[in-house]
Amino acid sequence: MDIGQIHRSGWCEFDVGDIPNLSEELLRVGKLLGEPSVQRKSVGIVQELIPATPNRGFQNSLTAKYSTGSFPLHVDTAHWLTPCRYLILGCLDEGDSGRDTAIVDFENIKLTDKERSILLQTPFKITNGRNSFYGTILSKDRDFIRYDPGCMTQTVKVEIDIESIFSYERTAEIQRKVRWKTGKIVVIDNWRILHGRCEKKTEGTERTLYRVVVT
């Protein structure tokens, strides 16, 4: 793992091969960066990710909203008061559907002054059960971006479509694609980098990923 690359670009990828203890390797990498944490108590520290129908997804999750299709660009744990610092994804089985992950560095999105102002001022309800709260995508009082259409609901109308700012079309020229293969690990600075699940290329079997969030 190139920690310097994470600091420079906001993310890095590397291969460990088809090892039998991928989950342990993700935890080892996580401990180099901070403290691996439980995202949801029911799934533990290492969570398995397979595209699934809404009945397998958590309420207000991207799975519940987008099913097995593509996921919009977002950051993980946006429903936390402070989202996780790093996100680690590891490929247990690449499958053969060819489903990539899109990576976008927020620092490379060219915002107009009006757009930045709207991201700073437009209130959203962030749904997290009894711990729900209100917040904005950007704030001058913090370093991280908060954006996840699965758990965030815009509460007032504004003259610019906020979702279009983070759309695949708007960010096409600055997107990078992770092409998964068994044993690939991707480390993401979750305060800076948005990621999204792309459409599958064929009707083949889906890939299986492991996820660890680090605070």
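The modelled label-to-label distance between Asp143 and Arg40, using points 7 Å beyond Cα along the C-beta direction, is 2.9 nm. Seen through its C-alpha gyration tensor, with square-root eigenvalues sorted a ≥ b ≥ c, segment 76-146 comes out oblate because a/c lies at 1.5 or above while a/b is not bigger than b/c. The length gained on full extension between Ile160 and Phe14, counted as 0.36 nm times the residue separation minus their Cα-Cα distance, comes to 48.7 nm.
Between Thr202, Thr68, Thr82, the Gaussian network model of the chain with springs among Cα atoms under 10 angstrom shows the greatest mean-square fluctuation at Thr202. Among the chymotrypsin sites (Phe, Trp or Tyr not before Pro) in segment 133-215, those placed in a DSSP loop whose Cβ has at most 16 other Cβ atoms within 10 Å are Tyr168.
Each Cα pair under 8 Å and six or more residues apart adds its separation to the average, and for the chain the resulting relative contact order is 41 percent. Entry comment: accessible area of the chain is 51 Å² per residue, from protein heavy atoms only and a probe of 1.4 Å.
With only the Cα atoms considered, segment 105-178 has a convex hull volume of 115 Å³ per residue.
What's the longest piece of the chain with no exposed GluC sites (Glu not before Pro), counting a site as exposed if DSSP puts it in a loop and it has at most 16 other beta carbons within 10 Å? Value returned for the longest uninterrupted segment is 1-158. Taken along the Cα-to-beta-carbon direction at a fixed 7 Å, the label points for Arg28 and Thr153 span 4.5 nm. Of the solvent-accessible surface of the chain, computed with a 1.4 Å probe over protein heavy atoms with every protein chain present, carbon and sulfur atoms account for 46 percent.
Relative to the compact-globule estimate of 2.2 N^0.38 Å, the Cα radius of gyration of the chain comes out at 0.99. For the residue pairs Lys181/Lys201; Lys110/Lys140; Lys41/Lys200; Lys110/Lys201, the C-alpha atoms sit more than 25 angstrom apart in Lys41/Lys200; Lys110/Lys201. Computed across segment 157-210, the Kirkwood hydrodynamic radius from all distinct Cα-Cα pairs reaches 14.0 Å. Stretching the chain fully between His7 and Thr215 yields a gain of 73.3 nm (0.36 nm per residue, less the alpha carbon separation).
The values are calculated or read from the model by the stated rules, or taken from the named source; none is laboratory data. The structure presented is a predicted model; accordingly, all values stated were derived computationally and were not measured. All Cβ positions, even for glycine, are placed from backbone atoms using ideal geometry, and neighbour counts span all protein chains on display. For accessibility, only protein heavy atoms count, side chains too; no ligands or nucleic acids. Shrake-Rupley method; radii C 1.70, N 1.55, O 1.52, S 1.80 Å.
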